[in-house]
Amino acid sequence: MAPEATHGTGLAAPLPDIIAPEVFRDLMAARTAPLRAMGAYLLSRDDPRGALTRPLVAELLSQASQIEELLDAYRARTNRTWYPFRCLVAAVKLFANVTYVLLHVLHALPAYRLLVIGGDFPGDTERALRFAVRVLTEAVRRVMEEARRQGIPDAPHWYGEANFVESLPPGRLPHDRGTRKVEDVGETVTCLATEFLNLASEAKLLHAPGKVGPDNYADCIPDPISEESLRHLQQRFHNLQSLYDTHVLDTETETLDPDLSVLRGHISVIYHLLDTGLAFAHHYERHLAGCPAAELNSGRQLVPLDDMLRTLMEYSIAYASHFLSCAQGLCQEMIRRYAQVGRIEVPAPRYRGFHVRPSTLVAKVVSHYGSNVTMILDGQQYDASSPFEIFRANEKINARKRNWLAEQIASQPCLHDPVHADGLAGLVHQVVLSMAEQGKLIIYEQPLPLDPDLKPNGGTTLQALTDEIARLQATGKIDIRIDLGVTFIGDARVLSDIRLLAECGYGEDNFGNNIPLPEALAYLRR
């Protein structure tokens, strides 16, 4: 009995009949004729790189996409006869797309207004393009060979140079369309620059190949470089480009601020570089990684392994990393320029004050945006971009704690008992436990390391208690809660993240343990 398939209605339906081999061959002969005719034209040229204009590459991409879709509809993936043909068509599609992207980058370079970086980007783009063209040409040749093997005759030579010429006269159209007025442009620009900085923090994986030599490029795949990770970044930069075009493109602000078009150029070129890197990573993971050495060296491997890795790492990933890094300063300058200065008051860390972790996290928030933010405590100003500056505020916080501690100890009822059975050490223990129950301090170590022979040493009992409890606090055995507000003044966007950080306990609980930060502060975890 033939197997049955079920539809969404729950009713069983018979699977479609198997197509006759000759019928499918005739179908493929007709549908692949344009692709094979273009292949014949391309292979007849002495210089495929010169022949591959954008019109030709676009048509190759279109035809390969349609044929791949048709093959998948007939389940060529699971058919031994047509699966090799399907793989070759997919390679034509992938490398036609890469070729088109690289041709676009070369044509668009003058408009991108890219900042100066090391290396020869135009020359390396041309070299990456020649690699893609070499693979594309070979894939087209093998498609034609495989078609012949399936009994499909060569297509007539329909095409000549005139079909794909790309003659571009110099000049441009006049800029005579009015610009748009947009409210709150400053907020939009800071949002764009902030998202770029967040992506720069998230994209640290792009810097990994620069830390290893060519012999170790393969070790970077799939961790940290993978098709999945590059697709995620590529989509984020595509979204950022769309955000720019929706809110900034053709506005008065864009006309008045030339840095905006520079930012747009960097967003675009990084997006296109990630597009090529994604394609290379896909082909490497799908078709090259894990291939037996004999197969890789057989001469039938479509894409040379070493060439693929070098182009992926030294072109796509390396230049995306360079352009990402060099534009961070531009984004920070734009945030400063469009900043809306604000003022907030948040609680200082209740128990341990601005020790290393809270100080470092606040400084990382400020440094991430590159803005000037000042912290004020008791009239004293501190540079909030410096963890050492913030840490200095603990001098005032600890002084406040000492004064507050003496007041709180004096108010404890047990202090007025005429005799305490366990001496001064027992009294210290009782006071500490009482204050802990009242939520005024927290105990980190139990039992408390107290000297049973503790004595006032000539001072008052209150002074001895205060000194001993202050010693416990200074040595990290306990910590004293103090509700103290600090003021931050600076860019409202930075202050918003500082407020969120404060609401999350500056990244730690009352015992100083790390706690998860919200997604909006994800850049602090990297």
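Checking the table Lys364/Lys440; Lys93/Lys204; Lys401/Lys477; Lys396/Lys477; Lys204/Lys364; Lys401/Lys440 against a 22 Å threshold on Cα-Cα, which pairs fail? Mind showing how you got there, number by number?
On the way: Lys364/Lys440 30 Å; Lys93/Lys204 30 Å; Lys401/Lys477 15 Å; Lys396/Lys477 20 Å; Lys204/Lys364 16 Å; Lys401/Lys440 11 Å.
Those over the limit are Lys364/Lys440; Lys93/Lys204.
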Response to the item:
Applying the gyration tensor rule to the Cα atoms of region 145-260 (axes a ≥ b ≥ c; rounded if a/c under 1.5, else prolate if a/b exceeds b/c, else oblate), the class is oblate
Response to the item:
Which residues qualify? For Arg180, with a placed amide H closer than 5 Å and at least 5 residues away or on another chain, they are Thr251, Glu252
Practice prompt. Give the relative contact order (percent, whole number) for region 348-391; include only Cα pairs under 8 Å separated by 6+ residues.
Written response: 39 percent
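Subtract the Cα-Cα distance of Glu333 and Asp184 from 0.36 nm times their separation in residues, and report this length gain in nm to one decimal.
On the way: separation 149, 0.36 × 149 = 53.64 nm, distance 1.81 nm.
Difference between extended and current length: 51.8 nm.
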Discussion item. Whole percent per 10 Å bin, from 0 to the bin with the longest distance: what is P(r) over all C-alpha pairs of region 37-184?
Written reply: 10, 33, 28, 17, 9, 3, 0
Discussion item. Spelling out what I want: for every residue of region 408-413, take phi, set θ = phi - 60°, compute 6.51 cos²θ - 1.76 cosθ + 1.60 (Karplus), and round to whole Hz; glycine and proline get x.
Written reply: 5, 5, 4, 8, 6, x
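Report in % the part of the accessible area of region 152-302 that belongs to carbon and sulfur, leaving out ligands and nucleic acids; probe 1.4 Å.
Details: 4030 of 8120 Å².
That fraction is 50 percent.
Expected output is a single nm value to one decimal: the length gained when fully extending between Ile489 and Ala522, i.e. 0.36 nm times separation in residues minus the C-alpha distance. What is it?
Numbers: separation 33, 0.36 × 33 = 11.88 nm, distance 2.28 nm.
Taking 0.36 nm per residue and subtracting the Cα distance, the gain is 9.6 nm.
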Practice prompt. Please go through region 172-261 and write out the trypsin sites (Lys or Arg not before Pro) that DSSP classes as loop and that have at most 10 other C-beta atoms within 10 Å.
Written response: Arg172, Arg177, Lys181
Practice prompt. For a quick protection proxy, order the peptides 272-280, 187-195 by their average other-Cβ count within 10 Å, most packed first.
Written response: 272-280, 187-195
Fill in: Accessible surface of region 334-403 [probe 1.4 Å, protein heavy atoms]: carbon and sulfur percent
46 percent
Fill in: Accessible area of region 215-353 divided out per residue, in Å², using a probe of 1.4 angstrom
43 Å²
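Calculate, for Arg77 and Asn372, the FRET efficiency according to 1/(1 + (r/R0)^6) with r their C-beta to C-beta distance and R0 60 Å; round to the nearest 0.05. Spell out each step's value before the answer.
Details: r = 58 Å, r/R0 = 0.97.
With R0 = 60 Å, the Cβ-Cβ based efficiency is 0.55.
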Discussion item. With just the Cα atoms defining each centre, how far is region 349-383 from region 67-119? Give it in Å.
Written reply: 49 Å
Discussion item. If a paramagnetic tag sat 7 Å from the Cα of Leu462 along the Cα-Cβ line, which residues of region 397-415 would have the backbone N under 19 Å from that point?
Written reply: 400-415
Worksheet item: Arg127: net charge of surrounding residues, Cβ under 12 Å, Lys/Arg +1, Asp/Glu -1, itself excluded?
Response: -1
Item to complete: Give the long-range amide H neighbours of Arg75: residues separated by 5 or more places, or on another chain, with amide H under 5 Å away, using H modelled in the peptide plane at 1.01 Å from N.
Response: none
Discussion item. Using a 1.4 Å probe on the protein heavy atoms, what percent of the accessible area of region 83-143 belongs to carbon and sulfur?
Written reply: 61 percent
Practice prompt. Using θ = phi - 60° and the Karplus relation 6.51 cos²θ - 1.76 cosθ + 1.60, list the HN-Hα couplings for region 363-376 in order, rounded to whole Hz, with x at every Gly or Pro.
Written response: 5, 5, 4, 5, 5, 4, 8, x, 8, 8, 10, 10, 9, 10
Item to complete: Kindly provide the GluC sites (Glu not before Pro) of region 422-495 that DSSP labels as loop, not H, G, I, E or B, and whose Cβ sees at most 14 other Cβ atoms within 10 Å.
Response: Glu445
Item to complete: Sequence neighbours fewer than 8 away in the same chain don't count; with that in mind, list the aspartates and glutamates whose C-alpha is under 15 Å from Lys211.
Response: Asp219, Asp223, Glu314
Practice prompt. Would you mind checking the tilt of helix 258-283 against the longest principal axis of the Cα atoms of the chain, expressed as 0 to 90 degrees and rounded to 10?
Written response: 70 degrees
Practice prompt. Could you list which residues have their amide H under 5 Å from that of Gly342, counting only those 5 or more apart in sequence or on another chain, with H placed in the peptide plane?
Written response: Gly490, Asp491, Ala492
Worksheet, complete the sentence: Projecting the Cα atoms of Ala384, Pro153, Ala51 onto the charge dipole of the chain, where Lys and Arg contribute +1 and Asp and Glu -1 at Cβ, the residue farthest towards the positive end is Pro153
Worksheet item: What is region 255-385 by shape, rounded, prolate or oblate, if you read a ≥ b ≥ c off the alpha carbon gyration tensor as root eigenvalues and call it rounded for a/c under 1.5, prolate for a/b larger than b/c, and oblate otherwise?
Response: oblate
Fill in: Under Karplus coefficients 6.51, -1.76 and 1.60, residue-wise ³J(HN,Hα) of region 109-122 in Hz, glycine/proline x
3, x, 7, 6, 6, 6, 5, 6, 10, x, x, 10, 5, x
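Taking every pair of distinct Cα atoms and averaging 1/r, then inverting, what Kirkwood hydrodynamic radius in Å comes out for the chain?
On the way: mean 1/r = 0.0346 Å⁻¹.
Kirkwood radius, the chain: 28.9 Å.
Can you tell me the length gained on complete extension of the stretch Leu433 to Glu285, counting 0.36 nm per residue apart and subtracting the Cα distance?
On the way: separation 148, 0.36 × 148 = 53.28 nm, distance 6.10 nm.
Here the segment from Leu433 to Glu285 would lengthen by 47.2 nm.
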Practice prompt. Decide, for region 301-448, between rounded, prolate and oblate: order the square roots of the alpha carbon gyration tensor eigenvalues as a ≥ b ≥ c, take rounded if a/c falls under 1.5, and otherwise choose prolate if a/b is larger than b/c, else oblate.
Written response: oblate
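If we sort 245-251, 321-327, 77-83 on the protection proxy, mean other Cβ atoms within 10 Å, highest first, what's the order? Could you put the intermediate results ahead of the total?
Numbers: 245-251: 15.4, 321-327: 20.4, 77-83: 12.6.
Order by mean packing, descending: 321-327, 245-251, 77-83.
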Worksheet item: Between Arg113 and Thr53, how many nm apart are label points set 7 Å from Cα along the C-beta direction?
Response: 3.1 nm
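The values are calculated or read from the model by the stated rules, or taken from the named source; none is laboratory data. Everything numeric here is computed off the predicted structure, so don't read it as measured data. Ideal geometry is used to build each Cβ from the backbone, glycine not excepted, and the neighbour counts take in all protein chains shown. The area values use the complete protein model at the heavy-atom level, side chains included, leaving out ligands, DNA and RNA. Shrake-Rupley method; radii C 1.70, N 1.55, O 1.52, S 1.80 Å.
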